[in-house]
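The values are calculated or read from the model by the stated rules, or taken from the named source; none is laboratory data. Not measured: the values here are computed from a predicted model. With ideal geometry, Cβ positions are generated from the backbone for all residues, glycine too; neighbour counts draw on all protein chains shown. Note: areas computed on protein heavy atoms with side chains; ligands, DNA, RNA excluded. Shrake-Rupley method; radii C 1.70, N 1.55, O 1.52, S 1.80 Å.
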Amino acid sequence: MINGAQALMESLKREGVERVFGYAGATICPAVDALAATDIAYTLVRTEQNAGHMASGYARMMGKPGVCMVTSGPGATNLITGIATAYMDSIPMVAITGQVQSYLLGRDIFQEVDITGACAPFIKHSYLVKDANDIPRVVKEAFHIASTGRQGPVLIDIPIDIQQQMIDPVYPDSVDIRGYKPSVKGNDNQIKRVAASISAAQKPLLCVGGGLFSAKAQEELITLCESARIPVVTTMMGLGLLPRNHPLNLGMIGAFGTPTANRALNTTDLLIIAGARAADRAVTSPKEIASRTKTVHLDVDPAEIGKNFSTTVPVVGDVKVILDQLISHHPKAQSEAWIADLQARRQAETQPAAAPGAGSVTPSYLMRTLGEQLDDDACVCVDVGQNQIWAAKHLPMKHGRFLTTGGLGTMGYSLPASLGVKTAVPDRQTVVVCGDGSFQMFENELATLKAMGTDVKIVMVHNGVLGLVHQIQYSSYSGPFGVDLTGSPDFEKLAEAYGIPGKRISDDGQVDSAIHDMLTASGPYLLICDVDPMTTTSMT
Amino acid sequence: MESKEHTLSILVENTPGVLSQVSRLFSRKGYNIESIASGTTEDPKVTRITIVMNGDDATIAQLAAQLRKLLCVISVKVLSTEDAVQRELVLVKVKADTKDKRDEVLQIVSVFRASVVDISRETLTVSILGDENKACALMDLLADFGVLEVVRTGIIAIERGIRTIYEDTKESGEFNYGKNVL
Ligand SMILES: Cc1ncc(C[n+]2csc(CCOP(=O)(O)OP(=O)(O)O)c2C)c(N)n1
Ligand SMILES: [Mg+2]
């Protein structure tokens, strides 16, 4: 016989789990104890939210669920933002929380919270385990649910007495959940309609999002757009699906997108949305577009169809499979004139340039230079705020990844996500882009970075304000209020206290060499770039 | 699009918290439930929930799709008034403290084919089974005597003829969106 916690660890191993991000506390101690006896690696974070973000960074690189494990009560509530962030970006994750004794549930005893209840609105599914014999099945189901269909976080809440309950576990080989049968293949007739529409179109456009990363459908996307001659625009979550210099890549759509991408969106005669929910930030007037053009929506989640966009031809299924099905019909659009026009416009878009001597760094130039110097397959983890928008607009992606939280926009995501990335792909160059506000939301994780002995470079846009809010207050309210970051530490010294070298620059003339020095330094590095707080995201 | 009354039949797994999961979706998406009724089916592990609500067709379709995403939900069917039989049980406690009044109430009750389920010196409790219109008409008349309290089970509905809710598996629901059901 073994206890529930040991059965939990054995179940995790059977799911191929190699690492858990966590933070211990009384009610999760049996599980931590059982973990210590396995070869599953464990990363201690500095606050539970970041265990979620690290699991997210790990999951996005591995294409399988990341696992985080925290204690009950405050540990669980601290994790909530990590869970909600993963949910909004459809990231596969299994979160395990300790819970008070099952026979005391509901009595508000020390460190009891109803965490399955609290997470209900933003979690794919959750379990409160009341018998240790259920653990093997629950874990198997949780991984299945998290990683199939529209991916997302799943929570397993396990009372401490259940972790200690002695059982003879039975490990199931397969999963059968009556109410869960996600579609894989797209309907053949619908596929034929889509193929025919493409061949008839003169101005077709593919609008792709993070769903293509989840489905691992990058190659299929490239094959389809090239063979069928369809230009591509992306949402923020879809950045990096195509290299920036791919001739059919028109860039990002939306309020912060490129003029050419938005123009294409507004003039297309066949809009194919794939793996994107195309929410408000990406498409500001979905009704207008849908009323004018034929729309095709390819998504694994039937509830996405028609939610933000009314759709002429919906196809539900795994986008990778659907794209393959489409490719097999060899559709080809009459789109050469349209492509030539868009390419000319894309070429004519102004490139960010240096303005040396201004006494502050030009963010667009900073991002462009950074992107140019990065490895081809670098991972860029981007926080939230103006820094995010500048990176999205100006950092040229090659064959790497652009990891940001497009759905929830959670400040403090970037560094913990990058640490998850590093555990998944230790050899890939990994860079964080953040603001001085977001930095202060994750700075405790510099300790985790240090403890991991890993190599993450951090580029901070240092403007002394909560920049994006500052910008909005300037343009739409009575003026800036409560966004001045006075009191912030000397970031170079702070990094130094963690044993991390840093450098501060305040002119475009220094950008090129500073980035070079950062990227060639061994180990972690903090590059602080002074930016004028009045610089807005609409400037180039 | 025009908003009208819809009846949703939802089959769910009979596990703790399902009702709250289902009703949370309605509140989160900002829909008002006009009526909700729930009880087990021929299979004790399965509960059937009937919800009546207002909304346009697109809203109802989106809601049904969201409901199908819940793992506890087995099937969802939107029933139209023409294709389904609807029933609701209403209990009304009426003030009737004289013989005349009691006689009058009894008369009304018999016209409506309702029945009296409790009687005291001061009150009569009337039970009426039917669709919403019938219950409303009865309550309207009883209002003259003084209605002390009312309780309703909520509307339940079942399709006419051979068709059943079991035809709507999640797969067939998605078929509309092009799922391959083979
Ligand atoms: C956790 C969290 N709190 C608040 C916000 C709202 N918000 C969005 S951008 C932003 C400013 C971010 O400031 P900073 O990190 O310095 O980046 P900058 O915009 O200056 O580049 C804030 C407060 C948020 N997205 N996330
Ligand atoms: Mg800032």
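Please list, in chain and number order, the residues 5+ apart from A:VAL313 or on another chain whose amide H is under 5 Å from its amide H, with Hs placed from the backbone.
It is A:THR295, A:VAL296, A:HIS297, by chain and number.
Can you give the helix-only mean residue ellipticity at 222 nm for chain A, where every DSSP H stretch with n ≥ 4 adds -39500 (n - 2.57) and the sum goes over all residues, rounded to the nearest 500 deg cm²/dmol?
-11500 deg cm²/dmol
Checking the table A:LYS287/B:LYS69; A:LYS124/A:LYS398; B:LYS29/B:LYS69; A:LYS140/B:LYS77; A:LYS124/A:LYS320; A:LYS124/A:LYS307 against a 23 Å threshold on Cα-Cα, which pairs fail?
A:LYS287/B:LYS69; A:LYS124/A:LYS398; A:LYS140/B:LYS77
What fraction, in whole percent, of alpha-carbon pairs in region B:86-156 exceed 20 Å separation?
Details: 463 of 2485 pairs.
Of all Cα-Cα pairs in region B:86-156, 19 percent lie more than 20 Å apart.
Skip the ligands, DNA and RNA, and give the accessible area per residue of the protein assembly as shown with a 1.4 Å probe, whole Å².
41 Å²
What average number of partner chain Cβ atoms lie no more than 10 Å from the Cβ of the residues making up A:295-306?
4
Run the 1.4 Å probe and let me know the accessible area of A:GLU219, rounded to the nearest 10 Å².
Taking all protein chains as shown, A:GLU219 has close to 140 Å².
When the Cα atoms of region A:2-167 are enclosed in a convex hull and the volume is divided per residue, what value in Å³ results?
Here the figure is 89 Å³ per residue.
Just reorder B:ILE156, A:ILE158 by solvent-accessible area, largest first, 1.4 Å probe, all chains present.
Final ranking, largest accessible area leading: B:ILE156, A:ILE158.
Run through every distinct alpha carbon pair of region A:363-530 and return the Kirkwood hydrodynamic radius in angstroms, one decimal place.
After inverting the pairwise mean of 1/r, the radius is 15.9 Å.
I'd like the Karplus ³J(HN,Hα) series for region A:17-33: coefficients 6.51, -1.76, 1.60, θ = phi - 60°, whole numbers in Hz, and an x wherever there's a Gly or Pro.
6, 10, 8, 10, 9, x, 8, 7, x, 3, 6, 10, 4, x, 5, 5, 4
Kirkwood hydrodynamic radius for region A:15-111: how many Å is it when counted over pairs of different Cα atoms?
With all distinct Cα pairs of region A:15-111 included, I get 13.5 Å.
Within 10 Å of each Cβ in peptide A:179-186, how many partner chain Cβ atoms are there on average? Round it to a whole number, please. List each step's numbers first, then the result.
Values: counts 13, 7, 5, 4, 9, 2, 4, 4.
If you average over the peptide's residues, the count of other-chain Cβ atoms is 6.
Considering only DSSP beta bridges whose two residues both sit in the protein assembly as shown, what percent are antiparallel, to the nearest 5?
In the protein assembly as shown, DSSP labels about 40 percent of beta bridges as antiparallel.
Distance from a point 7 Å along Cα→Cβ of B:GLU149 to each backbone N in region B:80-112: keep the residues under 13 Å and list them by number.
Zone members listed by number: B:91-94.
Work out the charge dipole of chain A with +1 on the Cβ of Lys and Arg and -1 on the Cβ of Asp and Glu about the Cα centre, then indicate which of A:ASN463, A:LEU104, A:VAL32 is farthest towards its positive end.
Going by the charge dipole, the pick is A:ASN463.
Can you give the charge dipole size of region B:36-182 about its Cα centre, rounded to the nearest 20 debye, using +1 on the beta carbon of Lys and Arg and -1 on the beta carbon of Asp and Glu?
Details: 19 positive and 23 negative charges, 76 e Å.
Charge dipole of region B:36-182: 360 debye, to the nearest 20.
When the Cα centres of region B:1-45 and region A:491-524 are compared, how far apart do they sit, in Å?
Going from one Cα centre to the other spans 57 Å.
Output needed for region A:160-269: three equivalent-ellipsoid semi-axes, defined as square roots of 5 times the C-alpha gyration tensor eigenvalues, in descending order, whole Å. Don't skip to the end; give the middle numbers.
Working: eigenvalues 327, 80, 30 Å².
Semi-axes from the Cα gyration tensor: 40, 20, 12 Å.
Over chain A, what is the relative contact order in whole percent, taking alpha-carbon pairs under 8 Å and six or more residues apart?
After rounding, I find 14 percent.
What's the percent breakdown of Cα-Cα distances in chain A across 10 Å bins, shortest bin first?
Histogramming chain A at 10 Å steps yields 4, 18, 27, 25, 18, 8, 1, 0 percent.
Need one number: buried accessible surface between chains B and A, 1.4 Å probe, both sides summed, DNA, RNA and ligands left out, in Å² to 100. Working shown, then result.
Details: alone 10940 and 20860 Å², together 29880 Å².
What B and A bury together is about 1900 Å².
Rounded to the nearest 20 debye, what is the charge dipole size of chain A about its Cα centre when +1 sits on each Lys and Arg Cβ and -1 on each Asp and Glu Cβ? Each step should come with its number before you reach the end.
Numbers: 43 positive and 53 negative charges, 332 e Å.
Roughly 1600 debye for chain A.
How do the peptides A:414-426, A:273-285, A:505-517 rank, highest first, by the average count of neighbouring beta carbon atoms within 10 Å per residue? Spell out each step's value before the answer.
Details: A:414-426: 25.8, A:273-285: 22.2, A:505-517: 17.5.
Per-residue Cβ counts within 10 Å, averaged per peptide and sorted highest first, yield A:414-426, A:273-285, A:505-517.
If packing is taken as the average count of other Cβ atoms within 10 Å, what order do B:127-134, A:436-443 fall into, highest mean first? Write down the numbers at each step before the final one.
Working: B:127-134: 15.5, A:436-443: 24.1.
Those peptides, ordered most packed to least, come out A:436-443, B:127-134.
Give me Rg/Rg_expected for chain B, where Rg uses Cα atoms only and Rg_expected = 2.2 N^0.38 Å with N residues.
Values: Rg = 19.7 Å, N = 182, 2.2 N^0.38 = 15.9 Å.
The reported ratio for this selection is 1.24.
For region B:9-53, which residues drop by 40 square angstrom or more in accessible area between the chain on its own and all protein chains together (1.4 Å probe)?
B:ARG24
Leaving out ligands, DNA and RNA, what percent of the accessible area of the protein assembly as shown is carbon and sulfur, probe 1.4 Å?
Carbon with sulfur: 51 percent of the solvent-accessible area.
Checking the cross-link filter: which lysines have an alpha carbon closer than 21 Å to that of A:LYS450, excluding same-chain neighbours under 8 positions apart?
Answer for A:LYS450, where 21 Å is the Cα cut-off: A:LYS422, A:LYS493, A:LYS503, listed by chain and number.
Per-residue mean of other chain beta-carbon atoms within 10 angstrom of the beta-carbon, peptide A:310-321?
Going residue by residue through A:310-321 and averaging, the value is 2.
Taking a 1.4 Å probe, which of A:MET88, A:MET460, A:MET61 shows the most accessible area, and what order do the others take after it? The partial results should precede the final answer.
Values: A:MET88 65, A:MET460 0, A:MET61 35 Å².
The ranking, largest first, comes out as A:MET88, A:MET61, A:MET460.
Rounded to the nearest 20 Debye, what is the dipole magnitude of region B:69-128 about its Cα centre when Lys and Arg each give +1 and Asp and Glu each give -1 at the C-beta? Don't skip to the end; give the middle numbers.
Values: 10 positive and 9 negative charges, 40 e Å.
In debye, rounded to 20, region B:69-128 gives about 200.
For A:MET69, A:MET166, what's the largest-to-smallest order of accessible area, 1.4 Å probe?
Ranking A:MET69, A:MET166 by accessible area, largest first, yields A:MET166, A:MET69.
Please name whichever of A:LEU419, A:PHE256, A:GLN347 sits farthest to the positive end of the charge dipole of chain A, dipole taken about the Cα centre and charges placed at Cβ: Lys and Arg +1, Asp and Glu -1.
A:GLN347
Taking the Cα centre of region B:86-156 as the origin and placing charges on Cβ (Lys, Arg +1; Asp, Glu -1), which of B:ASN133, B:VAL92, B:GLY146 is farthest toward the positive end of the dipole?
Highest projection toward the positive end goes to B:VAL92.
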